[in-house]
Amino acid sequence: MSRWEDVQHMTADMFGDFAEARIKAILEGFGWSVSYNKPGSRGASDLIATKGTKKWYVQVKAARDTSPPSVADDDKTRVSNSARGNNAVPVIALYYFKEPGGNYQFRNASTWDGVDASK
């Protein structure tokens, strides 16, 4: 399901699950091994991604818009603290969906610099 008509009728929880699945698939396409971090939880990270010796704690933020969603400082701090305690990079994945398809960005939650999932 990826048509705008389908997405706009999803509940907020359904769209969040959809965005998490899309980010998981994107990371896997770049060669990452990705698992859900306690599915259904409201924890600091939604996904744990590993590639070689690299580990990312990923918090997915989604918007049904042409612009990236806003991210509260508290969300950045929570994922940063959780990642630090587990020797991981804290990443905020921004997923935003508007016809004709979804867009995404990966940002370091501590510095807000872009991070490259392809490396």
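The values are calculated or read from the model by the stated rules, or taken from the named source; none is laboratory data. In this text, all values refer to a predicted model and were calculated from it rather than measured experimentally. For neighbour counting, all protein chains shown are included, and Cβ atoms are generated from backbone atoms with ideal geometry for every residue, glycine included.
Report, by residue number, each residue of region 57-84 that is in a strand (DSSP E or B) and in contact with a helix residue (DSSP H, G or I) (Cβ under 8 Å, 6 or more places away or on another chain).
Initial filter on region 57-84 (in a strand (DSSP E or B)): 57-63.
Across region 57-84, the qualifying residues are Tyr57, Val58, Gln59, Val60, Lys61, Ala62.
Evaluate region 60-75: report whether one residue or more is at pLDDT below 95, within 14 Å of the chain's Cα centre (by Cα) and of a type in the set (S, T, N, Q). Yes, region 60-75 contains at least one residue that is at pLDDT below 95, within 14 Å of the chain's Cα centre (by Cα) and of a type in the set (S, T, N, Q).
Residues of region 6-26 that are among the acidic types (Asp, Glu) and touching a Leu at 6+ places or on another chain (Cβ under 8 Å): Glu20 alone.
Would it be correct to say that Glu99 is surrounded by fewer than 18 Cβ atoms within 10 Å (Cβ to Cβ) and at pLDDT below 90? Give the steps one after another, and end with the answer.
Working: surrounded by fewer than 18 Cβ atoms within 10 Å (Cβ to Cβ): yes; at pLDDT below 90: yes.
Spelling it out, Glu99 is indeed surrounded by fewer than 18 Cβ atoms within 10 Å (Cβ to Cβ) and at pLDDT below 90.
Report whether or not Tyr36 is surrounded by fewer than 17 Cβ atoms within 10 Å (Cβ to Cβ), of a type in the set (Ser, Thr, Tyr), without any contact (Cβ under 8 Å) to a residue 60 or more places away in the chain and touching a helix residue (DSSP H, G or I) at 6+ places or on another chain (Cβ under 8 Å). Criteria met by Tyr36.
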